[in-house]
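Enquirer: Below is the structure I would like to discuss, written out as structure tokens.
The values are calculated or read from the model by the stated rules, or taken from the named source; none is laboratory data. Small disclaimer: the values here were computed from a predicted structure and weren't measured. All Cβ positions, glycine included, derive from the backbone under ideal geometry; neighbour counts span all protein chains shown. We work out accessible area using only protein heavy atoms, side chains counted, and drop any ligands, DNA or RNA first. Shrake-Rupley method; radii C 1.70, N 1.55, O 1.52, S 1.80 Å.
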Amino acid sequence: MLSYAEALKIMLSGGEAPATQTVSLDHALGHIAAKKITGTENIPPFNNSAMDGYAVKSESVQAASADSPAVLKVDGSTMAGDSPSVGGTGAWEIMTGAPVPDAYDAVIRIEDTNILETNNQKRPTKISVSAEGFPGKNIRKAGTDFCPGDLLIEQGTEITPNHIMALAALGQDNIPVTIPPKAALISTGKELVDDMDQTLQPGQIRNSNAPYLLQSLRSFGIDATNEGTIYDEPEKFEQKMEEILSKDVHIILSTGAVSMGRYDFIPDGLRAMGAEILFHKAAIRPGKPVLFARFPDGTCYFGLPGNPVASAVGLRFFAYPLIRKMRGQEPEKSLSAVLKNDFSKESLFRFFQKAHCKHNKEGRLTVEILPGQESFKIKPMLDQNCWAIVPEYGLSLNAGSMIDIYPLYQDFGARE
Ligand code: AMP
Ligand code: MG
């Protein structure tokens, strides 16, 4: 049977480079940079004061101290937002962020000065300075944060609020980003009930996959729509597909009807529509019946199995890698964690297990494979904060082994 690595290779080969667009800074968060973005300006753009105080010539206060303060006349004042002054010969009142006049090379903070005389507007005209100065003291030099040509964002990087701050500081408002793929979702199963207000009849269950998949796809930063449920009527499949294919959709995901049962109509339905099935079944658990196909127009199709956990694995380990590629991102990298419990499995498949990771007292990331791995069991997902990967080789792992994990969220693994 096809290995996970082989399935991934098939899915990720082919397909063009992602399309790109330009968005304003307001809309850039969460997008992927379509190319390397560099700075074009100096930040700070001019030498400015890091303190409220007085700009001075450093040699005039070189030996100043509390016991032997230097006395200077005050020649003028600059606040933040004023245009730069030339300055004078004594001291110059200055506020944080104001341009330091060229005549001065240091700033003495207000706490290290005393006003000796003021004019009739109560502005200081003479001060004493009780701290020494040296060239550059309390001055933020132009270009000491960013210089023209500095790398801001590497191609393929997801734009975060930190990038937004840098881009805003540099006045960059037209951000080249990739156009994320759009996804559509269908569910299959005569037993499914979509309407939450409906009371379950004997034999019925609620559709938990569609809300899960929809919100997960949106959390990946892509636009996804729920196109409804096919109640195991194969003749409705083609019609539904045609409806979806006429929309601007790049990925279709279905759940259920890809196993060996009498009502597992997806593979035949896809073939009848001219789609090429690139694989059906992979040596994984849960989710073995997973199917990947492509329609003649390039639309990708994931047939995920119906069991809730199998559909979650199909999304995270099949659809998500393709979504990353389509968004112009590098493949996701796993983390490594120390396995806390012994684990054994009954086949040489790759196992994706509901797991919980946290940092132990020594600060090492540890992972517990949770009880209740059956693919119909949703409750353990409430304790899950990562997927643990048990590789194909071997039928058991001992506690203390290092294994790969994929976190579900950013804030995982709090300390014990
Ligand atoms: P199937 O892959 O269609 O054979 O379904 C496998 C199992 O998953 C069956 O027990 C189904 O009832 C269940 N199942 C299928 N679709 C869903 C769904 N959307 N939500 C919850 N369970 C489902
Ligand atoms: Mg079914």
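Enquirer: Just by accessible area at a 1.4 angstrom probe, what is the order of 233, 16 from largest to smallest?
Expert: I get 16, 233, largest accessible area first.
Enquirer: Which residues' amide hydrogens lie under 5 Å from the amide hydrogen of residue 225, considering only partners 5 or more residues apart or on another chain, with H built in the peptide plane?
Expert: 183, 184, 185
Enquirer: Now for a different question. What whole-number value in Å² describes the accessible area per residue of the chain for a 1.4 Å probe? Please list the in-between numbers first.
Expert: Numbers: 21070 Å² over 416 residues.
Accessible area per residue, the chain: 51 Å².
Enquirer: Kirkwood hydrodynamic radius (Cα pairs, Å) of the range 27-164?
Expert: 16.7 Å
Enquirer: Now a separate question. Taking the square root of 5 times each eigenvalue of the Cα gyration tensor, what semi-axes in Å does the equivalent ellipsoid of the range 11-70 have, largest first?
Expert: Semi-axis lengths for the range 11-70 are 55, 12, 11 Å.
Enquirer: Using 1/(1 + (r/R0)^6) with R0 = 22 angstrom and r between the beta carbons of residue 332 and residue 381, what's the FRET efficiency to the nearest 0.05?
Expert: Given R0 = 22 Å and the Cβ-Cβ separation, E is 0.70.
Enquirer: Could you tell me what percent of the DSSP beta bridges with both partners in the chain are antiparallel, to the nearest 5?
Expert: If we restrict to bridges inside the chain, about 65 percent are antiparallel.
Enquirer: Additional query: For the chain, what's the relative contact order in percent, using C-alpha pairs closer than 8 Å and at least 6 residues apart?
Expert: Dividing the mean separation by the residue count of the chain yields 15 percent.
Enquirer: Which of the trypsin sites (Lys or Arg not before Pro) found in the range 116-172 are in a DSSP loop and have at most 11 neighbouring Cβ atoms, other than their own, within 10 Å?
Expert: Details: sites: 122, 126, 137, 140, 141; in loops: 122, 137, 141.
Here the trypsin sites (Lys or Arg not before Pro) that fit, given the DSSP loop and packing criteria, are 122.
Enquirer: Here's a follow-up. Expressed as a whole number of Å, what is the distance separating the alpha-carbon centroids of the range 106-162 and the range 9-59?
Expert: 23 Å
Enquirer: How much solvent-accessible surface does residue 165 expose, in Å² to the nearest 10, with a 1.4 Å probe and all protein chains in place?
Expert: Using a 1.4 Å probe on the heavy atoms, I get roughly 150 Å².
Enquirer: Here is a follow-up. How big is D for the range 50-106, in µm² s⁻¹ as a whole number, if Stokes-Einstein is applied with the Kirkwood radius of its Cα pairs at 10 °C and 1.306 mPa s?
Expert: Estimated diffusion coefficient is 139 µm²/s.
Enquirer: For the range 298-307, take each phi angle, set θ = phi - 60°, evaluate the Karplus expression 6.51 cos²θ - 1.76 cosθ + 1.60, and give the result in whole Hz per residue in order, putting x for glycine and proline.
Expert: Calculated HN-Hα couplings, in order: x, 4, 8, 10, 10, x, 8, x, x, 4 Hz.
Enquirer: Now, a different point. At a probe radius of 1.4 Å, what is the per-residue accessible area of residue 367, in Å² to the nearest 10?
Expert: The accessible area comes out at roughly 0 Å².
Enquirer: Heavy atoms only, probe 1.4 angstrom, no DNA, RNA or ligands counted: give me 112, 173 ranked by accessible area, highest first.
Expert: So, going from the largest accessible area down, we get 173, 112.
Enquirer: May I ask for the net charge around residue 156, where only other residues with Cβ less than 15 Å from the Cβ of residue 156 are counted and Lys, Arg are +1 while Asp, Glu are -1?
Expert: Overall, the nearby charge balance is +2.
Enquirer: Take every Cα pair under 8 Å in the range 338-390 that's 6+ residues apart, average their separations, divide by the length, and report that relative contact order as a whole percent.
Expert: Relative CO of the range 338-390 lands at 45 percent.
Enquirer: First compute the accessible area of the range 48-140 with a 1.4 Å probe, then give the percent of it belonging to carbon and sulfur atoms. Walk me through the numbers on the way to the answer.
Expert: Values: 2380 of 4800 Å².
The nonpolar share, carbon plus sulfur, comes to 50 percent.
Enquirer: What are the ³J(HN,Hα) couplings of the range 144-154, residue after residue, when phi is run through the Karplus curve with 6.51, -1.76, 1.60 and θ = phi - 60°? Round to Hz, x for glycine and proline.
Expert: Whole-Hz 3J(HN,Hα) from phi for the range 144-154: 7, 9, 10, 10, x, x, 4, 6, 9, 9, 6.
Enquirer: Using only the alpha-carbon atoms, how far is helix 234-245 inclined from the longest principal axis of the chain? Give it as 0 to 90 degrees, nearest 10.
Expert: 30 degrees
Enquirer: Next question, about the same structure. Listed here are the pairs 325/358; 182/288; 190/379; 190/236; 190/240; which of them are more than 20 Å apart at the Cα?
Expert: 325/358; 182/288; 190/379
Enquirer: Just to check I understand the Karplus step: with θ = phi - 60° and J = 6.51 cos²θ - 1.76 cosθ + 1.60, what whole-Hz values come out for the range 170-184, glycine and proline as x?
Expert: Karplus values, whole Hz, x for Gly and Pro: 8, x, 9, 10, 10, 9, x, 9, 7, 8, x, x, 9, 10, 10.
Enquirer: Take the Cα pairs of the chain, get the Kirkwood Rh, then feed it into Stokes-Einstein at 4 °C and 1.567 mPa s and tell me D in µm²/s.
Expert: Stokes-Einstein gives a translational diffusion coefficient of 49 µm²/s.
Enquirer: Can you list the residues, at least 5 places off or on another chain, whose amide H is less than 5 Å from the amide H of residue 142, using H built in the peptide plane?
Expert: 47, 48
Enquirer: So how tilted is helix 209-219 from the main axis of the chain? Cα-based, degrees 0 to 90, rounded to 10.
Expert: Here the helix axis deviates by roughly 30 degrees.
Enquirer: For Cα pairs less than 8 Å apart in space and 6+ apart in sequence, what is the mean separation divided by the residue count of the range 147-265, i.e. the relative contact order in percent? Could the numbers behind the result be given before it?
Expert: Numbers: 128 pairs, mean separation 37.5, N = 119.
Here the relative contact order equals 32 percent.
Enquirer: Follow-up. Which lysines have a Cα lying under 16 Å from the Cα of residue 73, excluding residues fewer than 8 positions away in the same chain?
Expert: Cross-link targets: 57, 122, 126.
Enquirer: A further question follows. Run the quick spin-label model on residue 119 and residue 341: label points 7 Å from Cα toward the beta carbon, then report their separation in nm to one decimal.
Expert: My value for the distance between the label points is 7.9 nm.
Enquirer: At 1.567 mPa s and 4 °C, plugging the Kirkwood radius over alpha-carbon pairs of the range 222-321 into Stokes-Einstein gives what diffusion coefficient in µm²/s?
Expert: The estimated diffusion coefficient comes to 95 µm²/s.
Enquirer: Using modelled backbone amide H atoms (1.01 Å from N, in-plane), which distant-in-sequence or interchain residues come within less than 5 Å of residue 188's amide H?
Expert: Amide H neighbours of residue 188: 230, 255.
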